[in-house]
Amino acid sequence: MSFVSTNPATSEAFAEHPEMDAAEVARRLDLADRAFEEWRETSFAERAALMKRLGQLFREKKRPLGEIAAREMGRPITAAMAEVEKCALVCDYYADNAEKMLSPEPAEAGTSESFVRFDPLGAVLAVMPWNFAYWQVMRFVAPALMAGNVGLLKHASNVQGCAIALEEIVREAGFPTGCFQNLAIRAADVEAVLRDPRVKAATLTGSEKAGASVASICGQEIKTTVLELGGSDPYVVLEDADVEAAARVAVEARLQNAGQSCIAAKRFVVVRAVHDRFVALLKEGFAKVVMGDPLDEKTTMGPLASESGLMDIARQVEDSVAMGAKLVCGGKRADGSGWFYEPTILTGVRKGMPACDEETFGPAAAVIEAANEEEAIAIANDTEFGLGASLWTKDVAKAKRLAERLNAGFVSINNMVKSDPRLPFGGIGKSGYGRELSHYGIKEFVNI
């Protein structure tokens, strides 16, 4: 059995990667277990030197790494290279700050001496998605390894080339054998790895279904988990917003990675007074998008990563239109080969429509009209998800007050939601639990 890499821009297969059998997985788990016993004893200075070297390698190899991602999942090459550079940033951040974050903390407890330690757990399994094939992995790897843990990666089946490249670059940076390993296995094989006593914890970024499965298994095994799941992020535009700026940023907020992002803006909740102006400007912005070959630096939006993803977004748009939504632009598969879908805007979207109720993982913007500020906040919160939210108003003091009322793990005022190593990242509700990044993220997988 093997994993097949298919270029979504052409729908043609171009590489095969062998699947690991149970014996190889067991060998790697044993290697991780042995590596941990040595790695945990290294100093922060030793870990930081290797992590800094890894960051430098990401910068040096951003073009070849970006090309792998462009071919495997259709990420435009300029965006793919920017993603690789962001991986370097998270390496540097934890190399510079991990020791301070995890230094013992003195505590007053009526004893001669009391303090809190942060000790590593062991091997942590990361079940990762294809949409940000490097960044999603490295925001786990950098803090986990700097904390003294070792990492195991179960990557998505369609980005095995990226997974192999990640294992190779970590090895090239000089990390000891077994500190970070790729497990080329199927989703059905994850349970056995999670139940293995050598695996101490797990993190997953992916669907609600996958998250629920991992959480259930780890719950039975009493193992720590962090879940970053889906989102139906609201992008709230109030009457006093800078509508031109809101519409300009909205183009990237919705169409980044062809809309295939958990934190992409998905529901555009716009107050009635500025609704029509916002829609007109958003349409102008969508019309400027350049779809094409991901390896062409002029391309600003690539294809969907899979044919099933293309069919999903097409169904959501078509069903929403059948239920009364108005199609402003797009709404169909683009001409030619590959899994391209036109940038799409729907207005008149309401509760009960797929474009409102489901996570739309593609280049379709659902615009929902709100009568006023209060209704806009209520609509924004009317979802089972709670990952990110964007709020637009010229009154920043008011925005800060309203942000407290938004049910989200991350609120951005007058900008799109972006993850940053310096800020905790994660959601509530069906968007998961636990946090990645910042000092909160590195403390998820330690014995406090």
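The values are calculated or read from the model by the stated rules, or taken from the named source; none is laboratory data. Small disclaimer: the values here were computed from a predicted structure and weren't measured. Here Cβ is always computed from backbone atoms with ideal geometry, including for glycine, and neighbour counts include all displayed protein chains. Each accessible area value is taken on the protein alone, full model and side chains, heavy atoms only, with ligands, DNA and RNA left out. Shrake-Rupley method; radii C 1.70, N 1.55, O 1.52, S 1.80 Å.
Please go through segment 404-443 and pick out each residue that is surrounded by fewer than 22 Cβ atoms within 10 Å (Cβ to Cβ) and of a type in the set (D, E, K, R). The answer is Glu404, Arg405, Lys418, Asp420, Arg422, Lys430, Arg435, Lys443. The set of residues in segment 279-326 being β-branched (Val, Ile, Thr), under 22 Å from Gly74 (Cα atoms) and in contact (Cβ under 8 Å) with a residue 40 or more places away in the chain consists of Val289, Thr299, Thr300, Ile313, Val317.
When segment 290-343 is filtered for residues that are under 22 Å from the mean Cα position of the chain (by Cα) and either outside any loop (DSSP other than H, G, I, E, B) or in the same structural domain as Glu72 (by the TED database) (or both), the ones remaining, listed by number, are Met301, Glu307, Ser308, Gly309, Leu310, Met311, Asp312, Ile313, Gln316, Tyr341. Only one entry in Lys283, Lys288 is open to solvent by 60 Å² or more (accessible area, probe 1.4 Å), touching a strand residue (DSSP E or B) at 6+ places or on another chain (Cβ under 7 Å) and of a type in the set (Lys, Arg), namely Lys283. Would you pick out the residues in segment 211-270 that are part of a strand (DSSP E or B), closer than 30 Å to Gly74 by Cα and of a type in the set (A, V, I, L, M)? Hits for segment 211-270 are Val226, Leu227, Val236, Val269. On the basis of being touching a residue at least 40 places away in the same chain (Cβ under 8 Å), closer than 30 Å to Pro8 by Cα, buried (at least 23 other Cβ atoms within 10 Å of the Cβ) and of a type in the set (A, V, I, L, M, F, W, C), does Leu238 make the cut? No, not satisfied. Per the listing Arg47, Arg71, Arg59, Arg28, the residue uniquely open to solvent by 60 Å² or more (accessible area, probe 1.4 Å), in a helix (DSSP H, G or I) and in contact with a Gly (Cβ under 9 Å, 6 or more places away or on another chain) is Arg71. A single entry from Ala80, Ala88, Ala95 fulfils the requirement of being outside any strand (DSSP E or B) and either within 14 Å of the chain's Cα centre (by Cα) or surrounded by 24 or more Cβ atoms within 10 Å (Cβ to Cβ) (or both): Ala80.
Could you tell me whether any residue of segment 383-403 is at pLDDT below 95, open to solvent by 10 Å² or more (accessible area, probe 1.4 Å) and not small (Gly, Ala, Ser)? If you could, list the steps in order and put the result at the bottom.
Step one: of segment 383-403, the residues at pLDDT below 95 are none.
No - not one qualifying residue is present in segment 383-403.
Report, by residue number, each residue of segment 187-211 that is without any contact (Cβ under 8 Å) to a residue 40 or more places away in the chain, under 17 Å from the mean Cα position of the chain (by Cα) and more than 14 Å from His155 (Cα to Cα). Once the filter is applied, which keeps residues that are without any contact (Cβ under 8 Å) to a residue 40 or more places away in the chain, under 17 Å from the mean Cα position of the chain (by Cα) and more than 14 Å from His155 (Cα to Cα), segment 187-211 yields only Lys209.
Checking every residue in segment 104-124 against the condition of being within 15 Å of the chain's Cα centre (by Cα), modelled with pLDDT of 95 or more and either over 16 Å from Ser261 (Cβ atoms) or not hydrophobic (A, V, I, L, M, F, W, C) (or both) gives zero matches. Meeting the requirement of 3 or more residues that are in the same structural domain as Met101 (by the TED database) and open to solvent by less than 10 Å² (accessible area, probe 1.4 Å), the helices (runs of 4 or more DSSP H) wholly within segment 112-208 are 135-146, 160-172. Among the residues making up segment 344-378, those that are in a strand (DSSP E or B) and within 21 Å of Ser431 (Cβ to Cβ) are Ala364, Ala365, Ala366, Ile368.
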